Amino acid sequence: MVYDLDRALYLELQPDRPAYDPSALEISGLSLEALDEDGIPAEEAIRQFDEWLSENTPVGQKPVFVAFNAAFDWMFIHDYFHRYLGRNPFGHSALDIKALYMGATGAQWAETSHNAISRHLQFPTHLEHHALQDARDQAMIFRKILELRK
């Protein structure tokens, strides 16, 4: 949640396919073996995510998918929701933090890296590469960009 960082959901999924990107595992520090043993089955995790969205989205509103480089994250979210629930509660759109930053500041695309935006907004540039912490960092960046637009 963008304005309440304590209303969060963090789930680690069991691998649901044998293919994986070794560099992604290296960055995250996760292991397939540990996830296979301790992770939540993907279908159950997506159900929990859907329930969390329902509980945390105001009545009559639709949740908005917001991400730093939304096109990348969106592919996975959309795929998993459709594969396991047959629908995507976010619909077919996403709000990209990098594009919002461009519009709010007049920056060029080459100036929208996490480091560049963080420096401009006076946030730490280091990424933990832990999904929950990265989401919280993105929420703070998003809020700051919204403030710039006022």
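The values are calculated or read from the model by the stated rules, or taken from the named source; none is laboratory data. Predicted, not measured: the structure shown is a model, and the values here were computed from it. A quick note on method: Cβ atoms are made from the backbone with ideal geometry, for glycine too, and the neighbour counts reach across all protein chains shown.
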| field | Unique residue being out of contact with any strand residue (DSSP E or B) (no Cβ under 9 Å at 6 or more places or on another chain), surrounded by 13 or more Cβ atoms within 10 Å (Cβ to Cβ) and at pLDDT below 95 when the list is ALA107, ALA94, ALA131, ALA99 | value | ALA131
| note | Expected output for the range 43-65 (first residue at positive phi, partner modelled with pLDDT under 95, Cβ below 7 Å, 6+ apart or cross-chain) is none
| field | Residues (free of Cβ contacts under 8 Å to residues at least 40 places away in the same chain and touching a strand residue (DSSP E or B) at 6+ places or on another chain (Cβ under 8 Å)) located in the range 32-42 | value | LEU35, GLY39, ILE40, PRO41
| query | Is it the case that the range 80-97 has a residue that's touching a residue at least 40 places away in the same chain (Cβ under 8 Å) and within 18 Å of VAL2 (Cα to Cα)? | reply | yes
| query | modelled with pLDDT under 95, surrounded by 14 or more Cβ atoms within 10 Å (Cβ to Cβ) and not β-branched (Val, Ile, Thr): does that describe ASP36? | reply | no
| For the range 110-126, how many residues are in a loop (DSSP other than H, G, I, E, B) and either small (Gly, Ala, Ser) or at pLDDT 95 or above (or both)? | 2
| message | If a residue counts only when it is touching a His at 6+ places or on another chain (Cβ under 7 Å), which helices (runs of 4 or more DSSP H) contained entirely in the range 1-100 have at least 1 such residues? | response | 22-28
| request: Mind listing whichever residues of the range 7-19 are under 22 Å from ALA135 (Cα atoms) and over 17 Å from the mean Cα position of the chain (by Cα)? | output: GLN14, PRO15
| request: Residue by residue through the range 21-31, note down the ones that are closer than 19 Å to ASP134 by Cβ and without any contact (Cβ under 8 Å) to a residue 24 or more places away in the chain. | output: ASP21, SER23, ALA24, LEU25, GLU26, LEU30, SER31
| message | Going residue by residue through the range 101-108, is there one that turns out to be assigned to a helix (DSSP H, G or I) and within 17 Å of the chain's Cα centre (by Cα)? | response | yes
| query | Going through the range 98-150 one residue at a time, which ones are touching a residue at least 12 places away in the same chain (Cβ under 8 Å), farther than 14 Å from VAL66 by Cβ and among the hydroxyl-bearing types (Ser, Thr, Tyr)? | reply | THR105, THR112, SER118
